[in-house]
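Visitor: After the structure tokens below, expect a handful of questions from me.
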Number of protein chains: 2
Amino acid sequence: MDKIPILRMGAFLLVTIQVDLYDRLALNLEADLVKMVNKTNAKGVLIDISAVSIVDSFMGRIIGNIASMSKILDAETVVVGMQPAVAITLIELGLPLKGVHTALDMEKGMNMLKSMIDSNEEDTDEDQTDYDLIAE
Amino acid sequence: MDKIPILRMGAFLLVTIQVDLYDRLALNLEADLVKMVNKTNAKGVLIDISAVSIVDSFMGRIIGNIASMSKILDAETVVVGMQPAVAITLIELGLPLKGVHTALDMEKGMNMLKSMIDSNEEDTDEDQTDYDLIAE
């Protein structure tokens, strides 16, 4: 199993990280996720890391990369379920996950994404742009 | 990582199986899921097996067990994302997953769960029972 499944839920994509993100797996995940955002016109990506108990600088960087890639495709990224030990390690490693939104659990993360998307759409409406927005 | 995370989404629980379910992991998953159904009063369980490419009789039995356990706790189980090869293997192994609902993908599975729960609630309303139902 050298792929992490990406689940589609309405306008969101959900990824649950349960295994160590070694090089190839992480690169596959990045590529698959970007393709899926593009294909499904997703507005948000939820990454659940509640099963991750050990984090290193590589994994921190991958999460940051995914968030940046999604952002330029107009999708917000929220990381949910971070264990306290992981938060401690990330900060001690000097990786404050800049540009990545975080939430305590799945439900809070989804609410966060919804409110971010709503406010983005309002901004766009005010600008009177004619982008093809999905009315939800 | 010897636990499979269980994500809560409203009245549903979501489990993504990405690794081989060896004995201890499978038993942990069963126990955790039953606890979570009880704790969160969940009405449905979604099991995503899109990352599973090899299935054996043990895994088939575990999925059946989870569905039966959830059922007696009044939660429906839907298995989503089964790969064609897995469906072939299950039938060849003589495991038609009786009592387990299946759907092609996450979204279809979630719609299926919603309609099952709605029809269950209607039935209960008609029977004029006084069970403590969650109005959604």
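Here, each number is a calculation from the coordinates, and none is a lab measurement. If you're wondering where the values come from, they're calculated on a predicted model, not measured in any experiment. We place every Cβ from the backbone using ideal geometry, glycine too, and count neighbours over all the protein chains shown.
Visitor: Between the DSSP loop rule and a limit of at most 10 other Cβ atoms within 10 Å, which GluC sites (Glu not before Pro) in region A:1-103 are left?
Guide: Sites meeting the loop and neighbour criteria: none at all.
Visitor: Just the number: Rg to Rh for the protein assembly as shown, Cα atoms, Kirkwood Rh, two decimals.
Guide: Radius of gyration relative to Kirkwood radius: 0.98.
Visitor: Shifting gears a bit: So what is the 222 nm mean residue ellipticity for chain A from helices alone, if each DSSP H run of at least 4 adds -39500 (n - 2.57) and you divide by all residues, rounding to the nearest 500 deg cm²/dmol?
Guide: -15500 deg cm²/dmol
Visitor: What nm distances, shortest first, do you get from the label point of residue B:71 to those in the other copies when the point sits 7 angstrom along Cα to Cβ?
Guide: 4.9
Visitor: In percent, how large is the relative contact order of chain B, given Cα pairs closer than 8 Å and 6 or more residues apart?
Guide: Relative contact order for chain B comes out at 21 percent.
Visitor: Among residues other than residue B:93 whose Cβ falls under 11 Å from its Cβ, what is the net charge (Lys/Arg +1, Asp/Glu -1)?
Guide: Taking every other residue near residue B:93 into account, the sum is -1.
Visitor: Considering only C-alpha atoms, what is the centroid distance from region B:12-77 to region A:54-85, in Å?
Guide: 27 Å
Visitor: Next up: Is the C-alpha gyration tensor of region B:6-126 telling us rounded, prolate or oblate? Criteria: a/c under 1.5 is rounded; beyond that, a/b larger than b/c is prolate, otherwise oblate.
Guide: prolate
Visitor: Return the distance in nm (one decimal) between the two label points of a simple spin-label model at residue A:32 and residue A:65, each offset 7 Å from Cα along Cα→Cβ.
Guide: So the label points at residue A:32 and residue A:65 sit 1.5 nm apart.
Visitor: What's the FRET efficiency of residue A:123 with residue A:98 using the Cβ-Cβ distance as r and R₀ = 25 Å, to the nearest 0.05?
Guide: 0.70
Visitor: Pick out, in residue order, every one of the chymotrypsin sites (Phe, Trp or Tyr not before Pro) in region A:1-81 that is DSSP loop and has at most 16 other C-beta atoms within 10 Å; say none if there are none.
Guide: Filter output for region A:1-81: A:22.
Visitor: Mind checking the dipole of chain B: about its Cα centre, +1 per Lys or Arg Cβ, -1 per Asp or Glu Cβ, Debye to the nearest 20?
Guide: The dipole of chain B has a size of about 640 debye.
Visitor: From the label point of residue B:116, set 7 Å along Cα to the beta carbon, how far off in nm is each other copy's matching point, shortest first?
Guide: 3.2
Visitor: Now a separate question. Treating the beta-carbon of each Lys and Arg as +1 and of each Asp and Glu as -1, no other charges, what is the dipole magnitude of the protein assembly as shown about its Cα centre, to the nearest 20 debye?
Guide: Here the protein assembly as shown has a charge dipole of around 1200 debye.
Visitor: Compute the acute angle (0 to 90°) between the alpha-carbon long axis of helix A:23-40 and the principal axis of greatest extent of the alpha-carbon atoms of chain A; round to the nearest 10°.
Guide: Here the helix axis deviates by roughly 10 degrees.
Visitor: How far is residue B:92 from the same spot in each other copy, in nm, shortest first, if each label point sits 7 Å from Cα toward Cβ?
Guide: Result, one decimal in nm: 4.9.
Visitor: Would you mind checking A:39/B:35; A:43/B:39; A:114/B:3; A:43/B:98; B:43/B:108; A:108/B:98 for any pair whose Cα atoms are more than 26 angstrom apart?
Guide: Long pairs (Cα-Cα over 26 Å): A:39/B:35; A:43/B:39; A:114/B:3; A:43/B:98; A:108/B:98.
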